[in-house]
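Structure first, then comments.
FYI, it's all coordinate maths here, none of it is from the lab. No experiment lies behind these values; they were computed from the predicted model shown. Because the Cβ atoms are built from the backbone with ideal geometry, glycine has one as well, and the counts that use them run over all protein chains shown.
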Amino acid sequence: MTIDSKKKLTDFLRSKVAVSDQEAERFTAAFKERKLRRKQLIVQPEFVAKQRFYVVDGALRSFILNESGNESTIALAIADWWITDYNSYIFQNPAQLFVEAISDSTVLQLDFDEEQLMKSESHKYETFFRIIAERGLAAQQRRIINNLTLTAEQRYEHFLSKYPRFVNDIPQYIIASFLGMSTEFLSKIRNNKTRKPKLN
């Protein structure tokens, strides 16, 4: 693991729980750094997701394919975010999602068995994983509510205000898929937004 990747992971750990240098060293030692190429898959349906991934740089997504071959993006992840097929990872069942690198990326990979070992060693590690799980669940709930209560235009406006980095890092067709609309409809929304006159 590079010094930069190790520092980012250590800083993220310490943003959630107070740990000693020794505890931070034990935590980071459990991860393996991986360089991913654009479009590279790291989780695939029917195979058990044995790792979760912390994004150091780049961008990833999880998605499903329906019977017609259409994609629906389930989750996005950029620097300091985590991603995997969580149902598969937590229960060690075959995955239903694809997880792919949207761009060339660097991730830190944590094996399921190693995570369980760390949790058994210290309540601080258990607290850390509980905190990120709770935050992920809350974010998922907010997204479901937004999808049910907001118009397409409102969902896009919310996305822009909440995740401005995504607009530059994520292709438009993936953003459209994540927001539950076609690429053409998203283009129409963006064009209308650009053409709106500015009030003096």
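Couplings 3J(HN,Hα) for segment 60-70, derived from phi with the Karplus relation 6.51 cos²θ - 1.76 cosθ + 1.60 (θ = phi - 60°), are 9, 8, 10, 8, 10, 10, 8, 5, 8, x, 7 Hz, where x marks Gly and Pro. Peptides 179-187, 72-80, 55-63, 6-14 ranked from most to least packed give 55-63, 72-80, 6-14, 179-187, packing being the mean of other C-beta atoms within 10 angstrom over each peptide's residues.
Compared with the rule-of-thumb size 2.2 N^0.38 Å for a compact globular protein, the chain has a Cα radius of gyration ratio of 1.11. For the chain, the longest principal axis of the alpha carbon atoms and the long axis of helix 152-162 meet at an angle near 40°. Once the Cβ-Cβ distance of ALA18 and THR151 is raised to the sixth power relative to R0 = 30 Å, the FRET efficiency obtained is 0.10. Loop-located GluC sites (Glu not before Pro) in segment 1-64 (DSSP state other than H, G, I, E, B) with a sparse environment of at most 13 neighbouring Cβ atoms within 10 Å: GLU46. When the chain is treated as a GNM with alpha-carbon contacts under 10 Å, the residue of GLU126, GLU67, GLU134 showing the greatest mean-square fluctuation is GLU67. Between 0 and 90 degrees, the angle of helix 123-149 with respect to the longest Cα principal axis of the chain falls at about 10 degrees. In terms of surrounding Cβ atoms within a 10 Å radius of their Cβ, SER120, SER177 rank from fewest to most as SER120, SER177.
Tell me the mean residue ellipticity at 222 nm calculated for the chain from its helices only (DSSP H runs of n ≥ 4, each -39500 (n - 2.57), averaged over every residue, nearest 500). Mean residue ellipticity, 222 nm, calculated: -15500 deg cm²/dmol.
In plain terms, the chain from GLU126 to VAL48 could stretch by 25.8 nm, reckoned as 0.36 nm per residue minus the Cα-Cα distance. For the chain, modelled as a GNM whose springs connect Cα atoms under 10 angstrom apart, the maximal fluctuation among ILE189, ILE145, ILE132 occurs at ILE145. Relative to the longest principal axis of the Cα atoms of the chain, the long axis of helix 112-121 lies at roughly 60 degrees.
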